Amino acid sequence: MSFFKQSLSIALLASASLLIGCAAPVQTASPPPAAPPSAAPSYPDSIKTYIGTVKKQIKTINMEQFRALYDKKGAGLIVDVRQENEFEDGFVPGAVNVPRGLIEFRIWKLLGFPGAVDMNKQMTLYCATGGRCALATKSLQDLGFTNVTSVDMVFDKWVAGGHPVAKPAK
């Protein structure tokens, strides 16, 4: 239950008890402390092995290669496959957000569907640590797209390195 809903419920209960004449003091719970920043996710070895296998089946580039393509405007359609809330915190300027779990469904409209779709359209995908974009690149490749590249980088290192970052317009 959100803090707002919890506070509203407590206020309604307090009001109701005043109305019926049993105004017992209401204990309010303090909001839980903010969670500390999470460390890098840890996954079973089978996930790491699977991602490694997928990376061998797709075209990958590192952060420096991506920056060079970006500077030359040679990355094609840049797709950020992180979740919407991650994208809102900052993204590579010019990137479109298509979360990895929806890429197979949402990419088509960006490429002209229901009209002609260029299956050779150059696309460069990135995410927070390189895993989701590898999986999304493989999915697009499996759908028949022939010019998709995965950026094997950590987005926080992109930011820390002073590379360009944009925020959505409010």
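Computed from the coordinates by the stated procedures, all read-outs in this text should not be read as laboratory data. Quick caveat, the model's predicted, so the values are computed rather than measured.
Spatial offset of region 118-170 relative to region 60-111 amounts to 4 Å, using the alpha carbon center of each.
If the limit is 31 Å between Cα atoms, which of Lys73/Lys167; Lys138/Lys170; Lys55/Lys170; Lys109/Lys167; Lys72/Lys138 go over it? The answer is Lys138/Lys170; Lys55/Lys170.
Under the rule a/c < 1.5 gives rounded, and otherwise a/b versus b/c splits prolate from oblate, where does region 45-160 land using the Cα gyration tensor? Rounded is the answer for region 45-160, as its axis ratio a/c remains below 1.5.
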